[in-house]
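Encoded as structure tokens, the structure appears first; notes follow it.
Bear in mind these aren't lab numbers, they're just calculated from the coordinates by the rules spelled out. Note that the structure is predicted; figures quoted are calculated from it, not measured. Here the Cβ positions follow ideal geometry from the backbone for every residue, glycine too, while neighbour counts run over all protein chains shown.
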Amino acid sequence: MIYYFTGTGNSLDVAKRLAVLLGDTVQLMDIHEAQPVIESAPSIGFVVPVHNFDIPDAIKDWFRRARFSGSFGQTYFYGLITYGGAEGNARTNLRRACLKKGWDLVFNTMVMVPDNAGPIIHRPYDLTSLYTLDERLARIAEAVKGRRRSHEEEPYSYKMALKTELSKIYLDSPVVAMKIDHHRCIRCRLCERLCPVENMYFKGKKKKKDKAAKARKSYTGKMKLRGHCIHCLACIHWCPTGAIRMGYIDFMNRQYTNPYIKARELLKR
């Protein structure tokens with residue numbers, strides 16, 4: 001079984017490709033589940049992204065609540081961190097999260113994918129990492145099949161930990177706080193269904209079917225924010241009209257979503 005967490009689709013794409021190579025299946029890491037149950041299997045993988053030089057806090061909480069069904073003495077645990085910029089303390093903290101549960105994450109590696117934070121860090125998206133993804137995942141699949149162990153060091157960086165905290169403060173500041181442009185918003189509510197932490201919600205009511213809009217149901221009201229965003233950027237990148245922005249940063253015509261993943265594959269969240 002391969003467990004994954006994703007926003008724009010990068011980690012799901014990696015998990016799906018790896019599952020094909022291993023003849024395995026994928027499972028969403030549901031961060032709303034009170035006590036996630038990890039089913040016993042010969043090998044169990046975790047595919048999670050880097051957020052602010054670390055794995056997301058929501059994933060750390062998922063590990064704290066998770067329990068393993070059966071004995072995990074013979075289970076091969078491995079981890080894949082998807083990243084587009086700096087690794088930070090992601091691998092170290094993924095291993096720590098597993099060790100706290102008694103799971104030995106014997107193979108732990110990084111997988112480069114396009115960085116979805118382009119407009120925030122003022123650089124263009126680099127899609128070249130997708131061209132070699134199959135080749136790199138094939139090597140990882142062989143390592144998993146062979147039950148190999150990682151030989152890479154995972155030193156904890158206090159400097160990176162500080163950068164993580166400073167990044168969170170910056171992203172929550174009024175300068176780049178998430179906003180909704182209600183003039184662009186068409187109230188499709190896709191962002192509400194995509195948000196992994198239910199930060200988006202609709203305040204309004206449903207109208208009758210609008211024949212002029214090809215019988216699509218429409219709504220009166222506005223999308224609202226609850227204030228506990230984890231900055232996965234899923235809502236920003238998947239919005240069909242670019243109605244969601246971060247302070248002065250407008251993602252219109254600069255949105256990124258993984259080209260091999262459809263929005264409907266993420267709506268289960």
Rounded to 10°, Cα long-axis angle of helix 10-22 versus longest principal axis of the chain: 40
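Here is the link list: LYS168/LYS262; LYS60/LYS262; LYS101/LYS159; LYS60/LYS159; LYS60/LYS168. Which ones come out longer than 18 Å on Cα distance? Don't skip to the answer; put the middle values down first.
Working: LYS168/LYS262 28 Å; LYS60/LYS262 26 Å; LYS101/LYS159 26 Å; LYS60/LYS159 20 Å; LYS60/LYS168 16 Å.
Long pairs (Cα-Cα over 18 Å): LYS168/LYS262; LYS60/LYS262; LYS101/LYS159; LYS60/LYS159.
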DSSP bridge orientation in the chain - percent antiparallel, rounded to nearest 5: 35
Net charge over other residues, Cβ less than 15 angstrom from the Cβ of ALA97 (K, R count +1; D, E count -1): +4
Those aspartates and glutamates that a straight Cα-Cα span of less than 19 Å connects to LYS203, excepting residues fewer than 8 apart in one chain: ASP181, GLU192
Within straight-line cross-link reach of LYS163, aspartates and glutamates at Cα separation under 18 Å, skipping those fewer than 8 residues along the same chain: ASP54, ASP57, GLU87, ASP115, GLU154, ASP172
Farthest positive-ward along the chain dipole, Cα basis, beta-carbon charges - from PHE202, CYS239, TYR76: PHE202
Rounded tilt (10° steps) of 133-145 against the dominant C-alpha axis of the chain: 40
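With +1 on each Lys and Arg Cβ and -1 on each Asp and Glu Cβ, how big is the dipole of the range 2-165 about its Cα centre, in debye rounded to the nearest 20?
On the way: 20 positive and 19 negative charges, 86 e Å.
Result for the range 2-165 is approximately 420 debye, rounded to the nearest 20.
Rounded to the nearest 500 deg cm²/dmol, what is the calculated helix-only ellipticity per residue at 222 nm for the chain, with -39500 (n - 2.57) per DSSP H run of length n ≥ 4?
Working: 8 runs with 74 residues, N = 269.
About -8000 deg cm²/dmol.
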